[in-house]
1. Is there a residue in region 532-547 that is under 30 Å from Gln357 (Cα atoms), open to solvent by 50 Å² or more (accessible area, probe 1.4 Å), among the aliphatic types (A, V, I, L, M) and in contact (Cβ under 8 Å) with a residue 12 or more places away in the chain?
2. Restricting attention to region 450-458, does a residue exist that is β-branched (Val, Ile, Thr) and modelled with pLDDT under 85?
3. Out of curiosity, is Ser415 modelled with pLDDT under 90 and open to solvent by less than 40 Å² (accessible area, probe 1.4 Å)?
4. Looking at the structure I just gave you, is Ala551 exposed (fewer than 15 other Cβ atoms within 10 Å of the Cβ), at pLDDT 95 or above and not aromatic (Phe, Trp, Tyr)?
5. Among the residues of region 591-625, how many are surrounded by 18 or more Cβ atoms within 10 Å (Cβ to Cβ) and either free of Cβ contacts under 8 Å to residues at least 12 places away in the same chain or small (Gly, Ala, Ser) (or both)?
6. So, in region 477-524, exactly how many residues are of a type in the set (S, T, N, Q) and not in a strand (DSSP E or B)?
7. Could you tell me which residue of region 92-111 is surrounded by the fewest Cβ atoms within 10 Å (Cβ to Cβ), considering only residues that are without any contact (Cβ under 8 Å) to a residue 24 or more places away in the chain and among the aliphatic types (A, V, I, L, M)?
8. Hey, among the residues in region 64-91 that are in contact with a Lys or Arg (Cβ under 9 Å, 6 or more places away or on another chain) and open to solvent by less than 20 Å² (accessible area, probe 1.4 Å), which one's nearest to Ile157 (Cα to Cα)?
Amino acid sequence: MFVPLFAVADSFVVSDIRFDGLQRMDLARVLRAFPIQEGDTVDEFKLAQASKSLFSTGYFNDIELAREDGLLIVRLKERPAISKITLEGNKELETEALMDGLKSLGLSEGEVFQRAALERIQLELLRMYAAQGRYGAQIDTELEDLPNNRLGLNITIKEGKAAAIQHINVVGNEVYDDETLIDLFSLKLPSFWSFSEPRYSREKLSGDLERLRSHYLDSGYINFNVTSTQVSLTPDRKHVYITINITEGDLYRFGGFNLVGRLELPESELSSQVEIVEGATFSRQLMVRSSDQVIRRLGDEGFLLANVNPVPEVDEENKTVSVRFYVDPGNRMYVRRVNFVGNTSTADEVLRREMRQMEAGTASTTLMERSKSRLERLGYFSEVNLETSTVPGTTDQIDLEYSVVEQLSGSLAASLGVSQSSGLILSANVSQNNFLGTGKFVSFNISRSDNTREVSFNYDDPYFTLDGVSRGFSIYFREQDYDEDDLSDYNIDSVGGNVSFGYPIDEYQRIGFSLGAEQLNVLIGDDVPKDIKEFMDAQDGTKFNQLPMIASWSSNHLNKGLLPTDGYKQNLSFEFAGMVSDLNYYKLRYTGQSYLPISGDWIFSLKTKLGYGDGVGDTEKLPFFKNFYAGGFDSVRGFKNNTLGPRDARIESGELDPLGGNVQITGSVELIFPFPFVKDRSSLRSLFFFDAGNVFDTNCLTDNEACDIAVKPEALSASVGVGLSWLTFIGPMSFSLAKAVQQQDTDETETFQFSLGRTF
């Protein structure tokens, strides 16, 4: 006999339990929440408690209990499940982030719908938008009935505009004026130059208050305090007024310092790392930096887990702060193993020989970081990371793991192409900076273009000896038609080669020596400038045997081999063809580049190329085919290749040809900025540039005025523009758009330029 619960007055023994109405809920979950089991004696009170227990799960809209003799029947009406959630109108907050927020508050697809959670979501979304200053945001929700006891939740968001900052007022400041303090803020006041109204953000205000606090603490005001902050909203909810009340306190100075604890190094050596000077204005930043420098010095001696805790001791009477550094060096650590991960093509040996932190040696922070820097400068890897891990079961050993991401370090191509300066190009080229993962440079090239026919082979082993002595050699055969290269009517056929050695001075500097042998056959046409004809008439024939010698010095402090972002690099070389050569001359070259990070991915860069050459002995001047040239990608962008500098008219046609010169001066100022809309910028570089330069001839053989251009600022050609470098699978590609801002009468401009094989 079936009896509803409200008719049950007496207790009874439950012989069985049946649950009706379950659709999505798991029976096991319901049984865990239902406190009655078979064999229990129940009455009306226990049944009511069981019903309440099921309700508390939040999964049911209605619960009905009944009995049929000893059978307890539980009829359940499940709450609807959320089948889908749609968001519309959100632009400032990403949909994925909002969905994660909904899930954390109990609203997600597949979960049981709870109206209380929906109300919490509306309040939370309004709070999030209020934190961005969008006080006019509106959140509308709509429930859509779907089959099988399911719901669709549609959330429509009207974000509105962020409230603009109308005024920022600092109250209580006497040492610094309002303008100085407000300049510290990322929140800005509207100005005449503003393109849009400055928007309020609660997170930005919190950061600004911390910057304000740091400014005072670094200026000696240790009792500085932000007593209150008021953000007032105008009635139309479009503008905010910010008032910050502060207490500056008195100025304090350093009263000295001392080091206590277990000093594993001489106290004088650790004290030299502390920048605190008695009587100087107190600075929290200086105190923390001194602590970090002591930690680093201990880290260089193997105490990688050192802790140095600076504790200021305030003398209120004398307004001084003495600092006591509590030093806990921990255990001296030793490196058990150095491991490499990610070098699928590059042999371990190539990475290991760059290590300055040795296995079984005392761990050193400086040596570990220097090893990482040397790997980055190789140019084989787009990313190098270092992780340390303690050896299980020991307290004084660690393992190092250098993880690398390999990038293209060369090219393999057979191509048919077109170049701005060389016309149609047919070539087969193999070039590898990391040949077969050995770290050796190998290049083999066969090419033919409008101006050049070439076969060449180059080889360089940077570790010919274990201590870093390099050895290389090259051989080549080349035919060059300079008339097709927009220079003049002459050809040079050359065959030769050289052997070179490099010797490391220290971690960053190298010296190099090269001895070459070449045979040149210089053939001039009938229509060449007088300067070239007179030079050739003064020589005995057209074939010249040369033995050029080159000595060089380089210093490389760049953080990467390709697309560096920090550091500098310099190179100085001296080329000399002495008395055993048919033509005697010398050339001195200097190149330099420097990168200075500004903020984030913004970087300031300076580059320069300088050169000077001249003849020696019977060779009165630098041979015209050894002149320096300027214009194009390698020097001044925005001008045609090799077209800057002195010119002379051809004897017959009168056409002005570039002569080049024995003096080269070029330079670039670049502002590197993050390429927009791209998250991974490791293979991209975009920049604004200003280029300037020219070449000059200090000893022209003709009376042409073009040869008499003095080395002075107004004789420099200059351009401004934008550039892009991209590391592709076929090699680096670079593009530039430039406009000449200063040029000489004979200069030839070129707005768009591109190159394959070089980066900015």
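1. no
2. yes
3. So Ser415 fails the test.
4. Against the criterion (exposed (fewer than 15 other Cβ atoms within 10 Å of the Cβ), at pLDDT 95 or above and not aromatic (Phe, Trp, Tyr)), Ala551 qualifies.
5. Number of matching residues: 4.
6. Qualifying residue count for the region: 1.
7. Ala97
8. Residue satisfying both the conditions and the ranking: Ile82.
The values are calculated or read from the model by the stated rules, or taken from the named source; none is laboratory data. Since we're looking at a predicted model, the values are computed, not measured. Cβ atoms come from the backbone with ideal geometry, glycine included; neighbour counts cover every protein chain shown. Calculation scope for accessible area: heavy atoms of the full protein, side chains included, ligands and nucleic acids excluded. Shrake-Rupley method; radii C 1.70, N 1.55, O 1.52, S 1.80 Å.
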